[in-house]
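We did not get these values from a lab; they are worked out from the coordinates using the rules stated. None of the values given here were measured: they were computed from a predicted structure. When we count neighbours, we look across all protein chains shown, and the Cβ atoms used for this are built from the backbone with ideal geometry, even at glycine.
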Amino acid sequence: MSKLGFALKSFCKSILQPSDCPYCGCHPTTFIQRKRLVLQLRECGQCRLKFRFPKDTSAENKRVFQSRYWLSGNTDFPSESATARQMSIRAPGFGRNFADHLKTIQDVTPGGKLLDYGCSWGYHVLQLREAGYDARGFDISKSQVEYGRKFLGAELTEDIASFPDRAFDVIYSAHCLENIPNPDIPLRHFNRLLKPGGALFLYVWNCNGATARAMGVRWGPMIGATHVLALTAEFFYRNLPRYGFEARFSSSPYSSAPQSYESAALDGDELLVVGIREAAAMDGASV
């Protein structure tokens, strides 16, 4: 969709759509800032979710990710010849390099069955398998899943329901949750899929970090056409326990181990949320 088309659609939706919280349904929510005239950053006073208004439905969100949505350097398909060449030499940094992420995962959980949630075309799945994890990937984009299967040989799916309960020791998700209109959907998936004692690693843009506080919506990762949420440590601190997780936090450049919300210094641009699934956690969640 063109920028003009997106702007017109957003304007029309803003007239007809209620501004209640897409996560907990609380109304009213608080206006924080306006971006490009037609977009608003709003915050829910109950669950503390910051979100883009007007909102997208889950169906609209899925359509976006079936279209040509790519972020250069992250989700671009390389050429088939480049993929074949990189695979032949088993290049360790193939795709988006995530050495810092991998080290954090290994420090907490050095092995086991792992799900990359929002895996794009599977470049992290490949690196995780090279590191010794039994890694699988999930993404809602059919074209990206098909590419990863064909050219990387990665075990990817677009059907999250195909995984049985308690299937994974580790779930890793990098810069996926910002794009999902209702975070209850992935959080319920994490609750169902992680084994008791399993570890959850969420990497998102830190929308209460130093850059976000200084620039507000002028900071690119805050909200936009595809970033529908502006996620913060406070939101996860308040809400992860409802899904059976004990949360710890850190932010880039990851000079210290994840700590409690009250103790962590969280001024970096990227936020890490580590959730340890409680051994006696119940399925589902009540929001």
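Compared with the direct C-alpha span, the chain from GLU155 to SER255 gains 32.7 nm at full extension, assuming 0.36 nm per residue.
Here the 3J(HN,Hα) profile of the range 255-268, calculated from phi with Karplus coefficients 6.51, -1.76 and 1.60 at θ = phi - 60°, is 7, 9, 5, x, 10, 5, 4, 5, 9, 6, 8, 10, 9, x Hz, Gly and Pro shown as x. In straight-distance terms, cross-link reach from LYS3 covers every one of the lysines whose alpha-carbon lies under 19 Å from its own, apart from those fewer than eight places away in the same chain; here that gives LYS13, LYS35, LYS55, LYS62. Straightening the chain between SER14 and ILE32 buys 4.9 nm, computed as 0.36 nm per residue apart minus the Cα-Cα spacing. Note on the range 95-243: Cα-Cα pairs beyond 25 Å make up 29% of the total pair count. Computed over the range 142-287, relative contact order equals 25 percent, with contacts defined as Cα pairs under 8 Å that lie 6+ residues apart.
With only Cα atoms counted, the chain has Rg and Dmax values of 18.6, 56 Å. Once C-alpha pairs closer than 8 Å and six or more residues apart are averaged by separation and normalised to the residue number of the chain, the relative contact order reads 16 percent.
Once the Cβ-Cβ distance of MET215 and LYS103 is raised to the sixth power relative to R0 = 35 Å, the FRET efficiency obtained is 0.75.
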